[in-house]
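Take a look at the structure below.
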Amino acid sequence: MRWWALVAKEVQQHGAAVLGALVLLASVQVVAWGISLFENQLTLMNTVFELAVFPLPVFVFFLAGRLVVHDHARGTHEFLVALPIAPAHRVLARFGLGLAVVLAAGLASLVVTALLASRREGLPAAWLLQLFAQQMLHLWGWFGVAFGVAHFGRYRWLVWWTLMVAAVAYGTHAPDGPPVWWVGMMAESVDATRLHAPWAAVLPVVMWGAAGLGLSLLLSMWRGGMLLEDWFRPVTAYQRATLLGAGVAVMIGFDALDPLAPAGRNTWAELPAIPAERADLRVAGSADGPLGKLGVAVAAELDALGAEVGVERWPPIVLVRDRRPVGRPPVRPAPPDDDELARVVRVDLSAPHGDLVRRVVREALLHRLGDLAVWDDETRWVLDGAAPWWVEGDTTSLEVLAARHEGNAEGALSDWLVTSADLGPDVAPAVAWAGLVALEASAGRDAVLQLLREVLAFESATPIDGMRLRWMTRDGWVIRATGAPASWVDGWSERLGGGADALPEATVAAEGGQLVARWSADGRSPTAVEWAVLDSSLLRPAPGLPTEIVPIESSRRQVALPGDTHGRVVVRVVAWDATVGALVTGPWVGPP
């Protein structure tokens, strides 16, 4: 009877506040669903992880504070102490009720999300059971720790600060060490845990939760709860200053251990730098090796180009040696890291040296304007063509590649993003190069340099700067910037449309619960199929869109794609043209 009385007391005292928090948590879940569906993410089940990483722990903090701190701050605890109820019973009733609410919230998130996701994707029962176990253990660990730390009264924030600093220090000293914290069950993405379940983190999570419960019982029963009564008394100014000093001392103490760790081993600034006046190039390897020699050549080109167009300092570029996968160019940027200012460029050194220099210089030019160069059609074609135009070398392959575009220059200028996405990563720069060559033939070399000054000397620090660039590059901006005659575009068109062997056009359709791409035997045989899922903001694929590559044998005429049959999937075939050392692509095609 006492148990039910304790539970009823907690529900009556905290029920309204907790219910409001649950409504807010549910609204966060609905927003997460909307974002996931809008961005066409791989699986809707990722929202379960997103809720468990931040919103649910915040709810756990709130609930533990209501059950423990609120009772002591409002005097409810003193009333309960006077009753013939054992301290262990009070702790277990609060802990059991709070844990039940937290687990029910997590289970509701998992079940409802799975019901929604099952309408658009396959959900194996074994994987759902794995997610259930992961989330329940994750919430057990979080609530156990939060409930235990809440019993420290005025010292609870110092304990949280110490745990946070210790977690950062452990990640610095042992980045590849075993999981030791209570967040290990949800530390990886949903895609990673689907391939490799994090069962190694079960023991630490269970131990953290049990330690929190055990600590709560110990503090509540220690000499009748004398420690709790003292720790929850109103804090004085002296005690507040002491706690603040203790927090600073904890941080300084852990910082003092930093020299013992491999400092900066994952930071690009610690890599060997290539001596240069204006370029900032670093290589993930020896400066005297092949990657370093490539960096020296690129730095020389960037220094010379910067002196011509007025760029005092180029943004940092990091060269990393990498093997070119099938269907990918020999130079490609790694996925951007929000915490780094450098553009990491993967380089396959088996490609010709001159071709690599041009490609890396192009990445440096695109990095100069950052994301602004991606959305501005007029600017992007200049940056795409500048590197092959500036770096001297054999132009035969560029002419052959430019001739693959059978459209006219006016169409390319009006919507360069669509044109370059259709042409692919190798043909598009060649077509842009043909435009700069035509401009040079019509108005001279200084006209091209002036065009590059207009673009590369532009500083894009604010959204207003982006609007100014858009205004600057409105129709006819090349003629206004360079003084070239309008006929220069005709010269560009003359260099296009040579009628090279085309790749077949693919088709994609849902068959038997999966996506199947097919293509004919006419034309050049493809070596890979490239596919992507478009979100609702894109009408067609754009440069930089994350895509997947599926290698195929030359004799195959169809391939099954691991995509959602309800998504906006587009595909194209890709082939490596050994005669010009470049990738050629077919047109993007979507489902009927």
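Quick test for you: out of Ala210, Ala201, Ala276, pick the one residue that is modelled with pLDDT of 70 or more, in a helix (DSSP H, G or I) and surrounded by 15 or more Cβ atoms within 10 Å (Cβ to Cβ).
Just one listed residue meets the conditions, Ala201.
Quick one: Asp384 ticks every box in (1) farther than 24 Å from Leu417 by Cβ; (2) at pLDDT 85 or above; (3) within 25 Å of the chain's Cα centre (by Cα) except a single one, so which number is it?
All conditions pass for Asp384, except number (1).
When the residues of segment 547-582 are narrowed to those that are assigned to a strand (DSSP E or B) and acidic (Asp, Glu), which ends up nearest to Asp535 (Cα to Cα)?
Looking at the filtered set, the residue picked out is Glu548.
Quick check on my filter: what residues within segment 24-70 are outside any helix (DSSP H, G or I) and crowded, with 16+ Cβ neighbours inside 10 Å?
Once the filter is applied, which keeps residues that are outside any helix (DSSP H, G or I) and crowded, with 16+ Cβ neighbours inside 10 Å, segment 24-70 yields Asn40, Gln41, Leu42, Thr43, Leu44, Met45.
Any idea which residue in segment 164-179 is modelled with the lowest pLDDT, counting only those that are of a type in the set (A, V, I, L, M, F, W, C) and crowded, with 16+ Cβ neighbours inside 10 Å?
Among those residues, the one meeting the criterion is Ala169.
Being part of a loop (DSSP other than H, G, I, E, B) and closer than 25 Å to Gly586 by Cα is the filter here; which residues of segment 303-349 pass it?
Arg323, Arg324, Pro325, Val326, Gly327, Arg328, Pro329, Pro330, Ala334, Pro335, Asp348 - these are the residues of segment 303-349 that are part of a loop (DSSP other than H, G, I, E, B) and closer than 25 Å to Gly586 by Cα.
Being modelled with pLDDT under 70 and of a type outside the set (Ser, Thr, Tyr): is that true of Ala5 here?
Judged against the criteria, Ala5 is a match.
Can you tell me how many residues in segment 409-445 are among the hydroxyl-bearing types (Ser, Thr, Tyr) and touching a residue at least 40 places away in the same chain (Cβ under 8 Å)?
Number satisfying all stated conditions: 2.
The values are calculated or read from the model by the stated rules, or taken from the named source; none is laboratory data. These numbers come from a predicted model, not from an experiment. Every residue, glycine as well, gets a Cβ built from its backbone with ideal geometry; the counts of neighbours run over all protein chains shown.
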